[in-house]
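Please treat every number below as a calculation from the coordinates, not as lab data. None of the values given here were measured: they were computed from a predicted structure. Ideal geometry is used to build each Cβ from the backbone, glycine not excepted, and the neighbour counts take in all protein chains shown.
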Amino acid sequence: MIVEKPRLNIVLIEPEIPQNTGNIARTCAATGAKLHLVEPMGFKVDDKKLKRAGLDYWHLLDITYYENTADFFDKNRGGEFFYFTTKALHRHSDIPYPNNAYLVFGKETKGLPEELLKANPDRCVRIPMINDAAARSLNLSNSVAVGVYEVLRQWDYPELLCEGQLHTLQW
């Protein structure tokens, strides 16, 4: 019997900053998560800032592009979506994430549309932060990394190396 590795999906709806998307692409490549980019984006995919942030990981990336939010949801019907937002009532670490979960993140300046959040209150999750209006949110790429590693922790880091070796010395 062949057991397939669980699949994790990262969705960026209308990302605006190429460096953030490049960092997120690198996180996806290093963890085996699939990246979904939903237009319109604030940059072109050939943007050198985007490529530089992702460094030489692009060949490891499983990525799909969508014309708009409706196109994304239409092509991923039946998916289990979890919406990361500062407005959520639930902590990201209190939710059990199933195989093939979609972690959905909004644009840097506005986040996800409130209509989408209101329609899915039990699927909205928040990364805890201090209660200070000056600290509105975490950086998008940091939020994605926190979300990805919480899911992978729950799944016991499938097929990921959980120990490393020194380069010139030995443990």
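Going by how many other Cβ atoms sit within 10 Å of their own, how do Ile13, Ile130, Ile95, Ile24 line up, fewest first? Write down the numbers at each step before the final one.
Values: Ile13 23, Ile130 6, Ile95 18, Ile24 26.
Placing the least packed residue first, the sequence is Ile130, Ile95, Ile13, Ile24.
For Cα pairs less than 8 Å apart in space and 6+ apart in sequence, what is the mean separation divided by the residue count of the chain, i.e. the relative contact order in percent?
Over the chain, the number comes to 25 percent.
Over 20 Å between Cα atoms, which of Lys34/Lys87; Lys34/Lys107; Lys44/Lys118; Lys75/Lys118; Lys5/Lys107 qualify?
The answer is Lys34/Lys87; Lys44/Lys118; Lys75/Lys118; Lys5/Lys107.
Please check: in the Gaussian network model of the chain (C-alpha springs, under 10 Å), which one of Val148, Val125, Val45 has the largest mean-square fluctuation.
Val45
Taking the Cα centre of the chain as the origin, how large is its charge dipole in debye, to the nearest 20, when only Lys and Arg (+1) and Asp and Glu (-1) carry charge on their Cβ atoms?
In total the dipole reaches around 260 debye.
Counting only DSSP beta bridges with both residues in region 8-154, what percent are antiparallel, rounded to the nearest 5?
Bridges in region 8-154 are about 5 percent antiparallel.
Order by neighbour count: Asp62, Asp122, fewest other Cβ atoms within 10 Å first, most last.
In order of increasing Cβ crowding within 10 Å: Asp122, Asp62.
Return the Cα extents of region 84-171 along principal axes one, two and three, sorted largest first, each rounded to a whole Å.
The Cα atoms of region 84-171 stretch 53, 32, 21 Å along the principal axes, largest first.
With the convex hull built on the Cα atoms of the chain, state its orientation-averaged projected area in nm². Kindly include the intermediate steps, with their values, before the conclusion.
Numbers: hull surface 51.7 nm².
If I average the Cα hull's projected area over directions, I get 12.9 nm².
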